[in-house]
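**Student:** First, the structure itself, so that you have it in front of you.
The values are calculated or read from the model by the stated rules, or taken from the named source; none is laboratory data. A quick note: this is a predicted structure, and the numbers were derived from the prediction, not measured. Neighbour counts run over all protein chains shown; Cβ positions are idealised from the backbone, glycine included.
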Amino acid sequence: MSLLKSVFISSIGKKILMATTGLLLCLFLVIHLIGNLILFAGPDAFNLYVETLSSVKPIVRSIEIILALIFLNHIFLGSKLTFENRNATTQKYVVNSAGENSSFFSRNMFISGSILFIFLMTHLSTFWYLFQKQHDEGNFYEIVMGNTVGFGNPIITALYCIAMILLGFHLRHGFQSAFQTFGIRYNKYSGLIETVAILFWLIIPLGFLSIAVWFGIFGGGY
């Protein structure tokens, strides 16, 4: 049996791959947030940012393909581990004490992940698609702020905010699980790990939320 095949078959191997893909996606969120925060600099700055990315489209497309593979692997592994854990429960207990030892979101990572996946597909079919469609027109800022799929639409803004809140809870438990899988959650570096984790599960979702709240709710903009 090849090493790669054994990794995919074993439970710990799948958990390690799940944790690794999750951490890689966290790095993508950092980069994506930095780009989105340019919205605060105004339409010229944001349009220039998107146009600059468009000028190196082959590189961007390659990164998007890699990201898609990471996303798909993360989703596949998460789903497989969830169903395997449920099927492994062969004995039913009269009193279910799971809620005493874990939070609601830690017990429902599959649900929050599924909702975030739906949000991602909606995001790609609206913002990303329109960015590609209007590639030569440079109206990227207007798309984000527009009344159709942008923050000018209160429904879009509300859904965006809900998704970012769910993202925060999903990342919080995900970070705890990832470092526990790597066996480094409870050691001398645990304090540093918890601090870094806060950056991802709290600061990053708040960064995305600040954009939606400022432009969608308070009507900020130019």
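**Student:** Identify, by number, the condition in (1) within 14 Å of the chain's Cα centre (by Cα); (2) in a loop (DSSP other than H, G, I, E, B); (3) among the hydrophobic types (A, V, I, L, M, F, W, C) that Val149 doesn't meet.
**Tutor:** Every listed condition holds for Val149 apart from (1).
**Student:** Could you list, in sequence order, all residues of the range 132-169 that are over 22 Å from Gly219 (Cα atoms) and either modelled with pLDDT of 90 or more or surrounded by 16 or more Cβ atoms within 10 Å (Cβ to Cβ) (or both)?
**Tutor:** Leu166, Leu167, Gly168, Phe169
**Student:** Confirm whether Phe28 is aromatic (Phe, Trp, Tyr) and within 18 Å of the chain's Cα centre (by Cα).
**Tutor:** Taking the combined requirement at face value, the residue satisfies it.
**Student:** What's the number of the condition Thr52 fails, among (1) touching a His at 6+ places or on another chain (Cβ under 9 Å); (2) at pLDDT 90 or above?
**Tutor:** The number of the failed condition is (1).
**Student:** Which members of the range 42-57 meet the condition of being among the aliphatic types (A, V, I, L, M), surrounded by fewer than 17 Cβ atoms within 10 Å (Cβ to Cβ) and in a helix (DSSP H, G or I)?
**Tutor:** Of everything in the range 42-57, those that are among the aliphatic types (A, V, I, L, M), surrounded by fewer than 17 Cβ atoms within 10 Å (Cβ to Cβ) and in a helix (DSSP H, G or I) turn out to be Ala45, Leu48, Leu53.
**Student:** Quick one: in the range 178-209, which of the residues that are hydroxyl-bearing (Ser, Thr, Tyr), surrounded by fewer than 17 Cβ atoms within 10 Å (Cβ to Cβ) and part of a helix (DSSP H, G or I) is modelled with the lowest pLDDT?
**Tutor:** Among residues in the range 178-209 that are hydroxyl-bearing (Ser, Thr, Tyr), surrounded by fewer than 17 Cβ atoms within 10 Å (Cβ to Cβ) and part of a helix (DSSP H, G or I), the one modelled with the lowest pLDDT is Ser190.
**Student:** Leu120 passes all but one of (1) surrounded by fewer than 17 Cβ atoms within 10 Å (Cβ to Cβ); (2) outside any helix (DSSP H, G or I); which number fails?
**Tutor:** (2)
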